[in-house]
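K.L.:
Sharing a structure, written as structure tokens. Questions coming.
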Amino acid sequence: MSTPDRPSRPARPQHVMQVLSTERIAPSLVRLWLGGPGFATFTANDSTDAYVKLWFAKPELGLEPPYDVSALRQTLAPEDLPVSRTYTVRDVRDDALAIDVVVHGDEGVAGPWAARAQPGERVVFGGPGGGYRPDETADWHLLLGDESALPAIARAIESMPAQAIGLALIEVRDASEQITIAAPDGVEVRWLHRGEPSQQTVGLLADAVAALEFRDGRPHVFAHGERESMKALRDELFGRRGLARGQVSLSGYWAQGRTEDRFQAEKREPIGVILPQD
């Protein structure tokens, strides 16, 4: 069955900045601070899941940013076009912003770059986008995700008022991947140790939620991470728990066994649909 074409979205403005510093905050997580003169073009939004799309071009082609990808499609082979990767804005200061990048050795495009990035390197990205912020009128909060959602979960927790109530269930490989999150006293951060991700670990978050005794009152849920894990959470949150769509921010950030480009392409196919409006 064919999928109708989606209307094209206007290209987000691109910002050209520099790497200011890098820090390995966990074995598989690198934090990069980006800034320089190009920071003047960046306007932050108030979403705690604010994200930017980093652009990567082949150095040997000598392309100069910002990249007009539509125009480049007319002159370059598909394999020579710049590619983008999406990352959460972990923090914003007066003159810089931070992103946290998951690194798995030489796998992927952004991870190896982040592991080797040096101060002064040029960085090109579009954004920010985003759409979630903890609802201060909710009675309590439930935040669910894996390493890919950890920056957004941490930023959401740290944005909450001191009286906030909630629980975060965060799936990571092992205790070495846990990071410090400045949570209000009433927000518990609980780590789930998964080992290496596999088909056998897809249901870990959904099983953990199924075992919870929900608090009284109206929850606000943020659930993002591996696609099939999010489908399992969809069934738990909407099916068994009966939550309304407006109470839940739910999406897949990646898919087991898929490259980033294939994962993005599958968003327009039945396998990539998590919620009917996706």
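The values are calculated or read from the model by the stated rules, or taken from the named source; none is laboratory data. Just so it is clear, the structure is predicted and the values come from calculations on it, not from any experiment. Here the Cβ is made from the backbone with ideal geometry for all residues, glycine too, and neighbour counts use every protein chain on show.
K.L.:
Answer yes or no as to whether PHE214 is farther than 18 Å from THR48 by Cα, surrounded by 12 or more Cβ atoms within 10 Å (Cβ to Cβ) and without any contact (Cβ under 8 Å) to a residue 12 or more places away in the chain.
P.N.:
Considered against the rule, which asks whether it is farther than 18 Å from THR48 by Cα, surrounded by 12 or more Cβ atoms within 10 Å (Cβ to Cβ) and without any contact (Cβ under 8 Å) to a residue 12 or more places away in the chain, PHE214 comes out as no.
K.L.:
Say we look at the range 101-138 and pick out the residues that are in contact with an Asp or Glu (Cβ under 7 Å, 6 or more places away or on another chain) and not small (Gly, Ala, Ser); which of these is surrounded by the most Cβ atoms within 10 Å (Cβ to Cβ)?
P.N.:
Among those residues, the one meeting the criterion is VAL102.
K.L.:
Additional query: Out of the residues in the range 264-276 that are part of a helix (DSSP H, G or I) and touching a helix residue (DSSP H, G or I) at 6+ places or on another chain (Cβ under 7 Å), which is modelled with the lowest pLDDT?
P.N.:
My answer is GLU266.
K.L.:
Taking the criterion of being assigned to a strand (DSSP E or B), surrounded by fewer than 22 Cβ atoms within 10 Å (Cβ to Cβ) and of a type outside the set (A, V, I, L, M), would at least one residue in the range 139-146 satisfy it?
P.N.:
Looking for residues that are assigned to a strand (DSSP E or B), surrounded by fewer than 22 Cβ atoms within 10 Å (Cβ to Cβ) and of a type outside the set (A, V, I, L, M), one finds at least one in the range 139-146, hence yes.
K.L.:
Which condition number does GLN256 fail, the rest of (1) modelled with pLDDT under 75; (2) part of a loop (DSSP other than H, G, I, E, B); (3) polar (S, T, N, Q) being met?
P.N.:
(1)
K.L.:
Could you tell me which residue of the range 48-88 is nearest to GLU158 (Cα to Cα), considering only residues that are in a helix (DSSP H, G or I) and in contact (Cβ under 8 Å) with a residue 12 or more places away in the chain?
P.N.:
Once the filter is applied, the top-ranked residue is VAL69.
K.L.:
So, in the range 171-211, how many residues would count as being more than 25 Å from TYR87 (Cα to Cα), among the small types (Gly, Ala, Ser) and either exposed (fewer than 12 other Cβ atoms within 10 Å of the Cβ) or within 19 Å of the chain's Cα centre (by Cα) (or both)?
P.N.:
Count: 1.
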